[in-house]
Amino acid sequence: MEHGEKDYKKLYEEALLTLSEKEEILIQKEEIISDQQFELDKLRRHLFGFKSEKRANNVGDDQLGLFELGTTRSVQEELSESIPVVEKPAPKKRAKGTGRMSLPEELRREEVLIQPSESTKGCVIIGEEVTEVLEVVPASFYVKRYIRPKYARPNGEGIIIGTLPDRVIEKGIPSESVIAQMTVDKYVYGMPLHRQIDKYTKMGVRIPASSASDWIMKGWYHLKPLWELLRLIVTSQKYLQVDETPIKVLDRDHKNV
């Protein structure tokens, strides 16, 4: 009976020793996994972090040792430090301009000479100061009158009179400049016709909406050959890009669109 108790005790002690050894091995493996996870995260930050411009093809063969079992932390750190990290330079802030805006040289200059209010008799000019300011001439309507004298032939065979220049709308009121301005305002600057009509009314010229629309269509008719040529050039390209910026339009039938 005593012999049997000793056998059980021995087996119990051996089991405890085996369990202790397994726990120690498990702790070692957990440390290895933790070390490898640490280095893996570090490598990922080097490769894909915000402060790195490295690419995966820059990783050398010696980096594979980071994932091999049994690699010590010191070796891992040595290998990980061998990966150069390219830091992005901090963007330089553009200095805010403190001087006056420069005016385009191609603009017409209108000179105004300002003499001193006091007498300059006996003085010598030693220089001058020039100050430039930006001016604008608001758009305005005017009426161009074509005056064609009529001459009767001396032999009574008829009348001689000059020929009017060609116009977009024969016998129409608007000139090419008016139609061109309305077309550019509508299709380039996104100004609908009703706003243009309101603007022209305030300038003293009342244009019916139907007339304004008809003028635009007449201008389009004369621009159609140019449009066809541009369409041919565009559609012959291999790759096209478009500006999809939306423009609000007036749609009386769909006010909520």
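Yes or no: residue 142 loosely packed, with under 11 Cβ neighbours inside 10 Å, under 17 Å from residue 200 (Cβ atoms) and of a type outside the set (A, V, I, L, M, F, W, C)?
In short, yes.
Name every residue in the stretch 205-257 that is in a loop (DSSP other than H, G, I, E, B) and closer than 27 Å to residue 141 by Cβ, in order of residue number.
Once the filter is applied, which keeps residues that are in a loop (DSSP other than H, G, I, E, B) and closer than 27 Å to residue 141 by Cβ, the stretch 205-257 yields 205, 206, 207, 208, 247, 249, 250.
Working only within the stretch 105-150, note down all residues that are of a type in the set (Asp, Glu) and either assigned by TED's automatic domain parsing to the domain that holds residue 197 or under 49 Å from the mean Cα position of the chain (by Cα) (or both).
105, 106, 110, 111, 128, 129, 132, 135
Just to be sure I understand the filter: pairs with C-beta atoms under 7 Å, separated by 6 or more residues or on different chains, first member in the stretch 35-54 and farther than 28 Å from residue 90 by Cβ and surrounded by 11 or more Cβ atoms within 10 Å (Cβ to Cβ), second member at pLDDT below 85 and of a type in the set (Phe, Trp, Tyr). Which pairs pass?
36/67
Just one of 69, 43 is at pLDDT 80 or above and not β-branched (Val, Ile, Thr); which is it?
43
Hey, residue 186 hits all of (1) touching a residue at least 40 places away in the same chain (Cβ under 8 Å); (2) part of a helix (DSSP H, G or I) but one; which does it fall short on?
Failing condition for residue 186: (1).
Would you mind telling me which numbered condition in (1) at pLDDT 90 or above; (2) farther than 18 Å from residue 184 by Cα residue 241 fails?
Condition not satisfied by residue 241: (1).
Listed here are the residues, each with its yes/no results for (1) in a helix (DSSP H, G or I); (2) out of contact with any His (no Cβ under 8 Å at 6 or more places or on another chain); (3) modelled with pLDDT under 70.
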residue	(1), (2), (3)
83	no, no, yes
86	no, yes, yes
114	no, yes, no
121	no, yes, no
126	no, yes, no
129	no, yes, no
134	no, yes, no
139	no, yes, no
157	no, yes, no
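The values are calculated or read from the model by the stated rules, or taken from the named source; none is laboratory data. Note that the coordinates shown come from a computational prediction; the quantities given were computed from them, not determined experimentally. Because the Cβ atoms are built from the backbone with ideal geometry, glycine has one as well, and the counts that use them run over all protein chains shown.
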